[in-house]
1. Look at residue 169 and say whether it is more than 22 Å from residue 183 (Cα to Cα), in contact with a strand residue (DSSP E or B) (Cβ under 7 Å, 6 or more places away or on another chain) and acidic (Asp, Glu).
2. So, of the residues in the stretch 166-192 that are in contact with an Asp or Glu (Cβ under 6 Å, 6 or more places away or on another chain) and not basic (Lys, Arg), which turns out to be farthest from residue 87 (Cα to Cα)?
3. Pick out the one residue from 174, 234 that is surrounded by fewer than 19 Cβ atoms within 10 Å (Cβ to Cβ), in contact with a helix residue (DSSP H, G or I) (Cβ under 9 Å, 6 or more places away or on another chain) and not small (Gly, Ala, Ser).
4. So which residues in the stretch 63-116 are charged (D, E, K, R) and outside any loop (DSSP other than H, G, I, E, B), if there are any at all?
5. For the stretch 104-112, state whether one or more residues are modelled with pLDDT of 95 or more, among the charged types (D, E, K, R) and buried (at least 20 other Cβ atoms within 10 Å of the Cβ).
6. Taking the stretch 93-114 as the region of interest, how many residues are within 13 Å of residue 71 (Cα to Cα) and touching a residue at least 40 places away in the same chain (Cβ under 8 Å)?
7. Out of curiosity, is residue 138 closer than 27 Å to residue 35 by Cβ and surrounded by fewer than 19 Cβ atoms within 10 Å (Cβ to Cβ)?
8. Could you please find all residues in the stretch 137-195 being of a type in the set (Val, Ile, Thr) and touching a Pro at 6+ places or on another chain (Cβ under 9 Å)?
Amino acid sequence: MNFRLATATLILVLAQSVAGTAIAAAGIRQETVQFAKGASSADIEGQLKGDATVDYVVRAAAGQTLSVKLQKTNAQNYFNVMPPASQGSAMFVGDSGENYSGVLPADGDYIVRVYLMRPAARRGENSNYTLTVGVSGKALTPTAASGDALIPGTSYHATAKIKCVSAFETTPRECDAFVIRRGFDGTATLDIPGSVEKRSILFVQGKPTASNAMARDALTFERKGDVTIVTLGESERYEIPDALITGG
């Protein structure tokens with residue numbers, strides 16, 4: 001593992017978490033994104049001044065694609081995309097000025113956080129912006145309890161211990177893994193609680209397809225017997241048996 005990269009990533013996540021806590025204490029304005037009947041995207045006009053921050057909440061499901069585009073009058077105006085139940089980490093950090101498009105690994109409320117970078121915020125600068133948010137594609141519906149029994153009191157169909165190296169760790173260990181199956185063909189969402197954030201990985205017909213890790217942490221995988229080994233970036237590794245995903 002690249003120690004410098006892991007350390008830099010950890011610092012980034014901690015900084016995001018601290019910043020998120022500070023912003024929350026000051027109050028973040030929150031808006032729910034609504035699509036017109038028959039539409040799959042919405043254009044939202046807004047304005048920022050100083051350290052004002054707006055969270056746009058987008059309800060979406062596993063297998064769908066979330067796209068975000070920001071047009072702004074201030075070059076220091078950016079957005080992050082945060083997964084459901086995020087404690088501060090982001091799937092996408094928009095300080096590169098790029099737009100975002102990605103397949104979603106889990107069901108829930110995703111947050112598009114719009115803000116000014118700290119130097120601009122401290123100077124009291126402002127920005128007028130148009131945020132375009134779209135959700136497309138067919139949702140991968142969880143298998144009903146009548147077809148695949150749930151763990152009582154949860155939305156999960158099964159749980160198991162898997163071999164892993166979680167985010168910001170260097171030593172392999174056993175992790176708890178929970179699965180929401182979305183059919184019997186190997187389509188499922190795997191959730192792995194961590195010390196910092198929960199990792200979610202989407203499988204489609206047995207192949208890992210998307211995760212809630214940072215977009216720059218490329219998802220790769222290999223097969224060894226009846227186990228799929230998923231690697232995210234240079235720091236995370238998960239060994240997932242077929243039986244957990246398919247229920248076989």
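1. Spelling it out, it is not the case that residue 169 is more than 22 Å from residue 183 (Cα to Cα), in contact with a strand residue (DSSP E or B) (Cβ under 7 Å, 6 or more places away or on another chain) and acidic (Asp, Glu).
2. This residue is 178.
3. Answer to the selection: 234.
4. Within the stretch 63-116, 69, 72, 95, 109, 113 meet the criteria.
5. Checked the stretch 104-112: at least one residue is modelled with pLDDT of 95 or more, among the charged types (D, E, K, R) and buried (at least 20 other Cβ atoms within 10 Å of the Cβ).
6. Residues of the stretch 93-114 within 13 Å of residue 71 (Cα to Cα): 94, 97-100, 114.
Add one more test, that the residue is touching a residue at least 40 places away in the same chain (Cβ under 8 Å), and what stays is 100, 114.
Count: 2.
7. So residue 138 fits the description; yes.
8. We begin by selecting, within the stretch 137-195, every residue of a type in the set (Val, Ile, Thr); these are 141, 143, 151, 154, 159, 162, 165, 170-171, 179-180, 187, 189, 192.
Result: 162, 165, 180, 189.
The values are calculated or read from the model by the stated rules, or taken from the named source; none is laboratory data. All figures in this text were calculated on a predicted structure; none of them were measured in a lab. We place every Cβ from the backbone using ideal geometry, glycine too, and count neighbours over all the protein chains shown.
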